[in-house]
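Notes follow the structure.
The values are calculated or read from the model by the stated rules, or taken from the named source; none is laboratory data. Quick caveat: nothing in here was measured; it's all calculated off a predicted structure. Please note: Cβ atoms are built from the backbone with ideal geometry, for glycine as well, and neighbour counts cover all protein chains shown. The area values use the complete protein model at the heavy-atom level, side chains included, leaving out ligands, DNA and RNA. Shrake-Rupley method; radii C 1.70, N 1.55, O 1.52, S 1.80 Å.
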Amino acid sequence: MGFPCSVCGICCKNIGGIKELEAFDLGNGVCKYLDSANRCMIYSTRPDICNVKTMYEKLYHRHYSKEEFYALNLKSCEILQAQAKKA
Ligand code: SF4
Ligand code: SF4
C-alpha cells in the first residue's frame, strides 16, 4: 500500500518550521523544489522527511501500524488543505 497523496502540493507550501527543510524554504514557507504543477523537482532524491513511506520504515514503525501512520499523515493533509481553502 502506497501513501494516497493527491499531489495537491500544500505540504510543500508549508515547510516553515521544519528543521530538516530549512535550507529549502524560499522564505514564505514554500519549498524551492516545488514546480508550478505541484510536483517535487527532486522527487527521487527528496529528503526522508518528505517521504511518508521512508519515515514509517525508518522510525514510526516502532509506534504505529502502517495504516495508523498513513491515516495520521492524511489527517495532516486534510488540515493543511482546509487551512489553504480559508486563506
Ligand atoms: S498535503 Fe498530502 S495530499 Fe497534498 S501533496 Fe502533501 S502529502 Fe500529498
Ligand atoms: S523537497 Fe520536494 S517533497 Fe520535499 S518539500 Fe520540497 S518539493 Fe516537497
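Brief remarks follow.
- Only residues that are within 13 Å of ligand 2 (Cβ to nearest atom) and either surrounded by fewer than 13 Cβ atoms within 10 Å (Cβ to Cβ) or assigned to a helix (DSSP H, G or I) (or both) were counted in the stretch 50-72, giving 5.
- Any hit, the stretch 8-18, residues being loosely packed, with under 15 Cβ neighbours inside 10 Å and touching a residue at least 40 places away in the same chain (Cβ under 8 Å): yes
- Taken together, the residues in the stretch 25-47 that are touching a residue at least 12 places away in the same chain (Cβ under 8 Å) and over 21 Å from E78 (Cα atoms) amount to 3.
- Sole exception among (1) over 15 Å from the mean Cα position of the chain (by Cα); (2) modelled with pLDDT under 95; (3) open to solvent by less than 70 Å² (accessible area, probe 1.4 Å) for A37, by number: (2)
- V30 surrounded by 10 or more Cβ atoms within 10 Å (Cβ to Cβ) and over 22 Å from A87 (Cα atoms): no
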